[in-house]
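Presented below is the structure to which this report refers.
The values are calculated or read from the model by the stated rules, or taken from the named source; none is laboratory data. Everything quoted here is computed from the prediction, not taken from an experiment. Neighbour counts run over all protein chains shown; Cβ positions are idealised from the backbone, glycine included. The protein model used for the area step is the full one, side chains on, heavy atoms only, and it has no ligands, DNA or RNA in it. Shrake-Rupley method; radii C 1.70, N 1.55, O 1.52, S 1.80 Å.
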Amino acid sequence: MNDTKHQGLEGVVAATTRLSSVDGEAGELLIAGFPVEELAPRATFEETAWLLWHGSLPTADELDAFRRRLAGRRSLPAATLDLLRAAARRRVPAMDALRMAAGTLSLVEGAGEPREDALTLVAAFPTIVAAYWRLLREEEPLPPREDLGHAASFLYLLTGEQPATERARGLETYLNTVSDHGLNASTFTARVIVSTRSDLISAITGAVGALKGPLHGGAPGPALDMVFEIGTPERAEPVLREKLARGERLMGFGHRVYRVRDPRADVLAAAAERFYRNGGDRELYELARSVEATALRLLRESKPDRRLDTNVEFYTALLLHGLGLPTELFTPLFAVGRVAGWTAHALEQLATGRLIRPQSEYVGKRGRRWVAVAEREAVTV
Ligand code: ACO
C-alpha cells in the first residue's frame with residue numbers, strides 16, 4: 001500500500017451519520033447535536049437512547065411509554081440464564097459471557113425485526129451483566145423490577161439494593177458519555193455486519209467482540225490497576241518511566257482521533273470528583289490526578305510528535321470504581337452504554353447505508369506451482 005495513511009483505515013470516511021460527531025483537533029464530541037458535556041450529566045439513559053434512535057428528545061408522554069417498554073424487556077430467556085450459569089462455572093471473563101449471551105437474544109419473541117431487536121438489546125444488556133456477576137459470586141440472579149430507571153435497575157440487579165439517587169445518576173452520566181462515538185472499531189463492526197442486511201443481534205454480538213480488546217474498550221481495568229500499582233504520588237514518575245522504557249503503552253492515554261484531551265474525560269472527571277468529594281476514597285482520586293499529570297508530562301517528553309492526551313478510559317476507571325463497581329465489569333458496562341449507539345448505527349446503516357466492502361492490497365507471492373506432499377520441504381517460521 002503506497003498511502004500508509006489508510007492502514008487501519010485512519011482518516012477514511014466510510015459512512016455518513018447523524019448520530020455523533022468527533023472533532024479530534026477541537027476535542028469536541030456532539031451526540032445527535034448536543035455537546036457531550038451538555039447531555040451526559042442531565043439526560044436519563046432512556047432519553048439518550050431515544051435521542052439516538054429518533055433524532056430528537058422524547059416528550060414526557062413518549063418518554064413514559066418508552067421507559068415502560070424498555071423496562072418490560074429486562075427479563076432474559078431461560079436459555080440465556082442457562083448459558084450464563086455454564087459460563088460462570090468455567091469462570092469465563094465477563095465480556096465473553098456477554099458476547100455469548102448477546103447471541104441468545106435471538107430467542108426473544110419478535111426477534112429479527114430491527115427496532116424490536118434494538119429494544120431487547122438495550123434492555124437486556126444490564127440484566128446479562130448483573131446476572132453474570134452474581135453467578136460468578138455464587139449468588140442467584142435477581143428478577144428485574146420494572147419500576148426503576150435503566151441505571152438504577154442495573155445497580156439493583158447487581159446488589160439487590162435500590163441505589164441512592166446520586167449513585168444511579170453517576171452511572172447514568174457514564175452510560176450517556178459512552179453512548180456513541182463516531183465510527184469507532186466496535187460501531188464499525190456493527191455497521192459492517194448489518195450492511196450485508198444481516199440482523200441487529202448478529203451485528204451487536206460482533207460489536208461486543210470488537211469492544212473487548214485492550215486497544216478499544218478493555219483499557220479502564222488496566223488503567224486503574226496502573227494507579228493502584230503506583231500507589232503513592234512519588235512513585236508515579238519512576239514507575240511510568242520504567243513502563244515507557246519497556247515500550248509499554250500507558251492505559252488511559254492516547255486516541256486514534258483525539259489529538260487533545262478527550263472531552264469525555266472531563267465529563268467523567270467531574271462526575272468522579274463529586275463522588276470522591278462526598279466520602280469516596282479522596283486519596284485515590286488525588287493519586288489518580290497526580291498519575292495523570294505525570295503520565296502526560298512523560299508522554300510529551302518521550303513522544304513529542306504524537307500529542308498523546310488523557311482518553312475516556314482513565315476517568316471511567318476512577319468513576320466506576322468510585323461507584324463501587326468491580327474492575328471486571330468496566331468493559332461490560334461500556335457495552336451497556338454503547339449498545340444504544342451500536343443499535344442506532346445499525347438502524348441508520350439499514351436505512352441509508354451501502355454494503356461496506358473495502359479492498360486489500362495483495363503483497364504475497366505470485367505464480368507458485370503445486371508441490372506434492374511427499375516432496376515438500378519443511379519451512380521454519
Ligand atoms: N502510551 C505510550 N505510548 C503510546 C500510547 C500510550 N498510551 N498511545 C500511543 N503511543 C505511541 C505508540 O507507541 C506509537 O509510538 P511509535 O510511533 O514510536 O511506535 C505512537 O504513540 C502512535 O501510536 P499509534 O499506535 O499509531 O496510535 P493509534 O492511533 O493506533 O492508537 C490507541 C490509539 C490504541 C488508543 C493508543 O493510544 C493506545 O494503545 N492507548 C492505550 C490504550 C487505551 O487507553 N485504549 C483506550 C482507547 S479509548 C477507547 O477506545 C474508548
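Going out from 0 in 5 Å bins, what whole percent of all Cα-Cα distances in region 56-175 drops into each bin?
Pair shares across the bins are 2, 12, 20, 22, 21, 14, 7, 2, 1, 0.
Find the percent of Cα-Cα distances in the chain that exceed 40 Å, and round it to a whole number. Numbers along the way, then the final one.
Values: 12779 of 72390 pairs.
Roughly 18 percent, rounded to a whole number.
Among rounded, prolate and oblate, which fits region 118-176 when a ≥ b ≥ c are the square roots of the eigenvalues of its C-alpha gyration tensor, a/c under 1.5 means rounded, and a/b larger than b/c means prolate? Don't skip to the answer; put the middle values down first.
On the way: a/c = 1.71, a/b = 1.24, b/c = 1.38.
Oblate, because a/c is 1.5 or more while a/b does not exceed b/c.
Measure out, as a whole number of angstrom, how far apart the alpha-carbon centroids of region 1-56 and region 73-102 sit.
Rounded to whole Å, the Cα centres lie 30 Å apart.
Given points 7 Å out from each Cα along the Cα-Cβ axis, report the Arg366 to Thr165 separation in nanometres with one decimal.
Going by the 7 Å Cα→Cβ label model, 7.1 nm.
For region 220-322, report the accessible area per residue in Å² (1.4 Å probe, heavy atoms, rounded to an integer).
On the way: 4800 Å² over 103 residues.
Accessible surface, normalised per residue, equals 47 Å².
Please find the FRET efficiency linking Arg277 to Glu28, where r is the Cβ-Cβ separation and R0 is fixed at 25 Å, and quote it to the nearest 0.05. Could you put the intermediate results ahead of the total?
Values: r = 27 Å, r/R0 = 1.08.
The pair Arg277/Glu28 has a calculated efficiency of 0.40.
Between Gln359 and Val12, what is the spin-label point distance in nm, taking each point 7 Å from the Cα along the Cα→C-beta axis?
Output for this residue pair reads 1.1 nm.
Using label points projected 7 Å from each Cα along Cα→Cβ, tell me how many nm separate Ser56 and Leu215, to one decimal.
Each label point lies 7 Å from its Cα, and together they span 4.2 nm.
Over the alpha-carbon set of region 266-381, divide Rg by the Kirkwood Rh and report the Rg/Rh ratio to two decimals. List each step's numbers first, then the result.
Numbers: Rg = 24.6 Å, Rh = 19.7 Å.
So for region 266-381, dividing Rg by the Kirkwood Rh gives 1.25.
How much of the accessible area of the chain, in percent, comes from carbon and sulfur atoms when a 1.4 Å probe is used? Kindly include the intermediate steps, with their values, before the conclusion.
Numbers: 9560 of 18660 Å².
Answer for the chain is 51 percent, counting heavy atoms of protein chains only.
Aspartates and glutamates within cross-link reach of Lys365: Cα-Cα under 19 Å, excluding same-chain residues under 8 positions apart?
Partners found: Glu377.
In region 46-137, which trypsin sites (Lys or Arg not before Pro) are in a loop and have at most 11 other Cβ atoms within 10 Å, using DSSP for the loop call? Spell out each step's value before the answer.
Working: sites: Arg67, Arg68, Arg69, Arg73, Arg74, Arg85, Arg89, Arg90, Arg91, Arg99, Arg115, Arg134, Arg137; in loops: Arg73, Arg74, Arg90, Arg91, Arg137.
When the trypsin sites (Lys or Arg not before Pro) of region 46-137 are filtered for loop state and at most 11 Cβ neighbours within 10 Å, Arg90, Arg91, Arg137 remain.
Take every Cα pair under 8 Å in the chain that's 6+ residues apart, average their separations, divide by the length, and report that relative contact order as a whole percent. Can you show the working numbers first?
Working: 549 pairs, mean separation 88.2, N = 381.
Relative contact order of the chain: 23 percent.
Take the alpha carbon gyration tensor of region 220-322, find the square roots of its eigenvalues, order them as a ≥ b ≥ c, and report rounded if a/c is under 1.5; if not, report prolate when a/b exceeds b/c, else oblate. Walk me through the numbers before you get to the answer.
Values: a/c = 2.12, a/b = 1.31, b/c = 1.61.
Oblate shape, in that a/c is at least 1.5 and b/c is the bigger or equal ratio.
Put +1 on the Cβ of each Lys and Arg and -1 on the Cβ of each Asp and Glu in the chain; which of Leu318, Leu284, Ala14 then has its Cα farthest toward the positive end of the dipole?
Result: Ala14, furthest along the dipole toward the positive end.
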